[in-house]
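Just below is one structure, and these are the notes that go with it.
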Amino acid sequence: MIVATTIEQLRDALAAGKKAATGRGGKGEVGLVPTMGYLHEGHASLLQRARLENDVVALSIFVNPLQFGPNEDFARYPRDAERDLAIARKEGTDVVFMPDVTVMYPRPSQTTVSVSGLTESLCGASRPGHFDGVATVVSKLFHLFDPDRAYFGMKDAQQVAVVRQMTDDLNFRVRIVPCPTLREPDGLAMSSRNVYLSPEEREQALVLSRALGRVDGWLAEPGITGARLRERIVDTIGTAPLAVVDYVEAVTYPGLLPAGDWQPGDGTPLLLALAVKFGRTRLIDNKLIE
Ligand code: PAF
């Protein structure tokens, strides 16, 4: 496994990886898993999928300041490079890119990649500028790695929709591969931010997966709609005294249009998406009904 901290090292490592793969009779295809580090089993599952589908598995670890608001958790975002590298090695990663902020942004940038429409609701409404930061860094990573495939977890369903739209609009040749959300045994969606939760907050945060887990039962009720599913989720979350709802929405997927009138059998996928704070920690989760 080669660990690159500069763009030159990254390009050399990718070229060497592709050359070795083609020398072995492979196609030299590159699968990229972009992350902000503090890896968990969800990230490991993305690396495993990338390992299955590509000759060269590449991982980026970069806590991207552009996607954090001024009062958000950029400074305290959890970091553990040694542990991340051990996980990457265990999953058979070929190339890890761990740049400093000065490598990714060596001078004040005058270019922002901004996806309209899809970024105006859900996390885009609560975190102004967040998706500009994501789209800008992901497009830089796509230019640097030129991957054949890029792997993203569906816990960030809006991010997947935004990255897909950007990829299509800007003619990146990469294929975006959405991967299922991994959960802890008790149901909590895996997230690097779970480490912030106190034991009491973590216990109460289980209400999120409990609410989403009830959706299949509610779907069987006559006359159920997107709006009613949303209300039921809000009511369930309301049983946890520490939960402060940022949003709970029923929207179409991947278009993210309001879907209060949605009914089972409509033929349009429905995304039930939520963001809820427990203390200072904001958690997101969702359920996609396809
Ligand atoms: O999902 C994340 O970890 C980040 O938003 C990403 C895609 C690595 C961009 O910084």
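A few points about this structure:
- Considering region 100-141, and only residues there that are more than 22 Å from residue 275 (Cβ to Cβ) and aliphatic (A, V, I, L, M), the residue that is nearest to the ligand (Cβ to nearest atom) turns out to be 141.
Residues are listed down the side, and each one gets a yes or a no for (1) within 26 Å of residue 79 (Cα to Cα); (2) open to solvent by 40 Å² or more (accessible area, probe 1.4 Å); (3) out of contact with any strand residue (DSSP E or B) (no Cβ under 6 Å at 6 or more places or on another chain):
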{"site": "164", "(1), (2), (3)": "no, yes, no"}
{"site": "183", "(1), (2), (3)": "yes, yes, no"}
{"site": "201", "(1), (2), (3)": "yes, no, no"}
{"site": "205", "(1), (2), (3)": "yes, no, no"}
{"site": "211", "(1), (2), (3)": "no, no, yes"}
{"site": "215", "(1), (2), (3)": "no, no, no"}
{"site": "222", "(1), (2), (3)": "no, yes, yes"}
{"site": "238", "(1), (2), (3)": "no, yes, yes"}
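- Filter result for residue 27 (assigned to a loop (DSSP other than H, G, I, E, B), away from the ligand (no atom under 16 Å from the Cβ) and open to solvent by 30 Å² or more (accessible area, probe 1.4 Å)): yes
- For residue 233: the one exception among (1) among the hydrophobic types (A, V, I, L, M, F, W, C); (2) more than 15 Å from the chain's Cα centre (by Cα); (3) more than 18 Å from residue 288 (Cα to Cα): (3)
- Pairs where the first residue, in region 33-49, is assigned to a strand (DSSP E or B) and the second is aromatic (Phe, Trp, Tyr) and within 14 Å of the ligand (Cβ to nearest atom), C-beta under 9 Å, 6+ apart: 33/151; 33/152; 34/62; 34/142; 34/145; 34/151; 34/152; 35/62
- Pairing each residue of region 66-87 that is more than 23 Å from residue 47 (Cα to Cα) with any residue that is within 15 Å of the ligand (Cβ to nearest atom) and hydroxyl-bearing (Ser, Thr, Tyr), provided the two are 6+ apart or on different chains, yields C-beta distances under 7 Å for 66/136.
- Screening 194, 171 for residues that are open to solvent by 10 Å² or more (accessible area, probe 1.4 Å), of a type in the set (S, T, N, Q) and under 20 Å from the mean Cα position of the chain (by Cα) leaves exactly one candidate, 194.
- If you check 230, 193 for being in a helix (DSSP H, G or I) and in contact with a Gly (Cβ under 9 Å, 6 or more places away or on another chain), only one passes: 230.
- Scope region 240-268; condition open to solvent by 40 Å² or more (accessible area, probe 1.4 Å) and part of a loop (DSSP other than H, G, I, E, B); matching residues: 241, 242, 254, 257, 261, 263, 264, 265, 266, 267, 268
- Test: residue in region 69-90 that is aliphatic (A, V, I, L, M), open to solvent by less than 70 Å² (accessible area, probe 1.4 Å), under 19 Å from the mean Cα position of the chain (by Cα) and at pLDDT 95 or above: yes
- Screening residue 102 with (1) out of contact with any helix residue (DSSP H, G or I) (no Cβ under 6 Å at 6 or more places or on another chain); (2) of a type in the set (Val, Ile, Thr); (3) not in a helix (DSSP H, G or I) gives one miss only, at (3).
- Residue that is most open to solvent (accessible area, probe 1.4 Å) [pool: residues in region 113-135 that are farther than 20 Å from residue 71 by Cβ and not aliphatic (A, V, I, L, M)]: 120
Residues are listed down the side, and each one gets a yes or a no for (1) closer than 27 Å to residue 279 by Cβ; (2) more than 16 Å from the ligand (Cβ to nearest atom); (3) in contact (Cβ under 8 Å) with a residue 24 or more places away in the chain:
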site: 143; (1), (2), (3): no, no, no
site: 157; (1), (2), (3): yes, no, yes
site: 162; (1), (2), (3): no, no, yes
site: 190; (1), (2), (3): yes, no, yes
site: 193; (1), (2), (3): yes, no, yes
site: 209; (1), (2), (3): yes, yes, yes
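- Top-ranked residue of region 46-68 - restricted to ones that are of a type in the set (S, T, N, Q) and within 14 Å of the ligand (Cβ to nearest atom), ranked as surrounded by the most Cβ atoms within 10 Å (Cβ to Cβ): 60
The values are calculated or read from the model by the stated rules, or taken from the named source; none is laboratory data. Every value quoted in this text rests on a predicted model; they were computed, and no experiment measured them. Note: ideal-geometry Cβ built from the backbone for every residue, glycine included; neighbour counts use all protein chains shown. Keep in mind that these areas ignore ligands, DNA and RNA; they rest on the heavy atoms of the full protein, side chains included. Shrake-Rupley method; radii C 1.70, N 1.55, O 1.52, S 1.80 Å.
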